[in-house]
1. Once fully extended, how much extra length lies between Gln119 and Met1, figured as 0.36 nm per residue of separation less the alpha-carbon to alpha-carbon distance?
2. Among the aspartates and glutamates, which have Cα under 17 Å from the Cα of Lys133 when same-chain residues fewer than 8 positions away are ignored?
3. For the range 20-39 and the range 128-201, what is the centre-to-centre distance using only Cα atoms, to the nearest Å?
4. First check a/c for the range 1-41, with a ≥ b ≥ c the square roots of the eigenvalues of its C-alpha gyration tensor; if it is under 1.5, answer rounded, and if not, answer prolate when a/b is larger than b/c or oblate otherwise.
5. Find how much the distance from Ile45 to Ile10 grows on full extension, using 0.36 nm per residue of separation minus their present alpha carbon separation; answer in nm with one decimal.
6. Can you compute the modelled spin-label distance between Ile151 and Tyr137, with each label point 7 Å from Cα toward Cβ, in nm?
7. Based on Cβ point charges of +1 for Lys and Arg and -1 for Asp and Glu, what charge dipole magnitude is obtained for the range 70-193 about its Cα centre, in debye rounded to the nearest 20?
8. Run a plain Debye calculation on the range 2-200 (Cα atoms as equal point scatterers, no solvent) and give log10 I(q)/I(0) at q = 0.08, 0.18, 0.19 Å⁻¹, rounded to two decimals, same order as the q list.
Amino acid sequence: MIFWALSITISIALLVITAAGKLSEPWLAYAHMSVAAVACIAFAIVAVRDTSKLADNRASRSAVAASSARFMSYVWAWGALALLISYSTGIVEWHEWFHFFLAFAIAGAAAMFFAKLLQRDAEVGKDDETILKVSRYLGYAQLFGMLAVMIGLIIDGKMTRFLVPRHGDWAANNIFFFGALALAIISAYSLRVSANKTEEA
């Protein structure tokens with residue numbers, strides 16, 4: 001938990017600093033993108049590592065799914081906070097930011113809700129097949145949804161919006177793309193571990 005709190009705080013601070021400096025130093029847009037990339041790849045690596053440890057220690061399916069859902073909620077929270085601080089303060093201007101902030105906050109809360117449901121089952125030593133099935137369906141939806149987001153951002157040319165000063169969504173696009181990458185990796189690995197544990201059972 002300390003890793004997540006520190007990494008989220010530090011990465012968002014760096015995102016805000018680089019976004020604020022981009023007006024006078026355009027090259028900082030690349031630094032902003034790099035911060036988002038490094039942070040999200042680190043999130044994914046830690047999530048995969050911890051999920052792997054649980055699986056290796058023969059944790060229950062509910063425990064593994066709860067851990068993955070918790071990590072997903074942290075990534076969603078990172079995205080929501082990054083948008084909130086970057087745009088509500090006027091550091092970067094983009095009118096549509098609040099809708100995405102709200103969607104991210106809701107997604108993060110929903111992921112944490114599922115994590116708590118699954119963890120509760122894990123603590124009493126049971127696997128609720130209905131909740132696990134819903135969790136898998138949501139995992140697939142999130143995986144394919146995030147892949148679609150990344151492909152869409154590239155095809156629409158939104159990852160180079162920072163080159164056009166009038167586009168204020170450039171910072172959000174970095175958050176969207178690399179947040180989606182982290183969520184896709186976490187989802188894919190969680191689904192793989194879940195499938196393996198189901199076969200073992």
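Derivation of every value follows stated rules applied to the coordinates shown; laboratory data play no part. Quick caveat: nothing in here was measured; it's all calculated off a predicted structure. Cβ coordinates were reconstructed from backbone atoms using ideal geometry, including for glycine residues, and neighbour counts include every protein chain displayed.
1. My answer for the length gained is 40.9 nm.
2. Lys133 reaches Asp121, Glu199, Glu200.
3. Cα centres, the range 20-39 to the range 128-201: 22 Å.
4. Details: a/c = 5.44, a/b = 2.11, b/c = 2.58.
In terms of gyration-tensor shape, oblate.
5. Using 0.36 nm per residue and subtracting the Cα-Cα distance, I get 10.9 nm.
6. 2.3
7. Result for the range 70-193 is approximately 140 debye, rounded to the nearest 20.
8. Debye output, listed in q order: -0.28, -1.15, -1.25.
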